[in-house]
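K.L.:
This is the structure I have questions about; it appears just below.
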Amino acid sequence: MLGLLFAMVGLVPGQGEAHPYAASTDAGTFVAITTHDAEVVGALVEDTGRIPWDSTFQIAAYEGWYGAPPVAASGDGDFIVAWGDAPDYLLAVRFARVGTDGSVGPVGARTGDDPAVAGGRTCNRGRCVDRSFLLVRHVGGISSRIVGSFGGGEDFVILDGGSAPSVAWDGNSYLVVATVVGKARASASSCTYLGPCVPASTWLSTSAHIVAVRVLPDGSVLSPVPVATAAAVGRCASISWTECGPPAGGWLVAAGARLFESGSVRPVVAAGPSGFLVVWSESSRIRAARISSEGLLVDPLPSELGEGTHPAVAWMGERFAVAWTSPAADPPQVHGVHVDPSGAVEDPFSIEDATHPTVTRTAGGGTAVVTWRPSDEHFWLEEIQA
């Protein structure tokens, strides 16, 4: 029987962004969020499960726009936090090491956006350093690509043409998953027509491909592995006429038009001892596929776990836990399941009045789900125990 063992006090009242991130080590669980005051804030969860108000601390001060801050446990027990920034409207990624005592190391910076991070170690000529981590991010410009760096060091290209990356470390290699979007196509009919010489909108559609790439600790990047092709999606997008009236050559579509809103067809990945589980949202359906430790696709036909968006996944010691936001519920709910290494789906659970979950393992081996509760504008951490 499933039950919520305890509910922890809110992390930050009133001013939080709607997506927390969390990671755990033997020392405990660390939670990071961004606030509407453009601060990155963290807190260490006590063994009792309580988040004392005086335990929250600032990781970074305001410099621009901050995205939701992914967190990873590094090889030496500290935590790595990364976040997006846009000082002077220039996209940047910041990152810092946070100690279990709440100390914050120097803040590093890279160009790009959409960061993801995984702890681990890097090796050079047989010598391995546990104090490293892999930071991956999207870099736009003339050519969109996924770029990585060990410990914030020298950049290397992981995938050409990708976006929305996620990364996991299984003790031997990293697996980076990302979305590769096809070329946007405009339909013959518009969504709205307001008359000649007036900017109009049309229906743009495309498809998204989920791709996985293994990265070895020595920096070697292996060949990409197709995971799945999401169904074609689209939305209305503003475009302009070339003259008064529809152009003879058809619609003009801006290069690199982004059809995917935040949370749609955005893969996440977690590592277990025998492989990885990749999870994504496609047309408001949560799908999952396993990839072996050698980087081979185990599930050519993805499993369907439920209906929702914004999935999160983590390894719990014996199986994976997956949670997501259910769009059908009012007030919103977080739904989730456990997935064992064979792919079997077990022990569904739900959390009332909650959205945008993140999942991590508690020090005792339980499933901890951190969510945002819109009704009281607090973050809550609850433990799901089978």
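Every read-out reported here was derived from the displayed coordinates using simple, explicitly stated rules and does not represent laboratory data. This structure is a prediction, so every number in the text was calculated from the model and none was measured. Backbone-built Cβ (ideal geometry, glycine too); neighbour counts: all protein chains shown.
K.L.:
Go ahead and run the numbers for FRET between ALA86 and SER375, Cβ-Cβ distance against an R0 of 22 Å, rounding to 0.05. Walk me through the numbers on the way to the answer.
P.N.:
Numbers: r = 30 Å, r/R0 = 1.37.
Result of the calculation: an efficiency of 0.15.
K.L.:
Oh, and also: Going highest first, how would you order 271-282, 339-350, 91-102 by mean Cβ packing within 10 Å? The partial results should precede the final answer.
P.N.:
On the way: 271-282: 22.1, 339-350: 15.1, 91-102: 19.2.
Highest mean packing first, the order is 271-282, 91-102, 339-350.
K.L.:
Another question, then. Between THR56 and ALA344, what is the label-point separation in nm under the 7 Å Cα-to-beta-carbon projection?
P.N.:
4.2 nm
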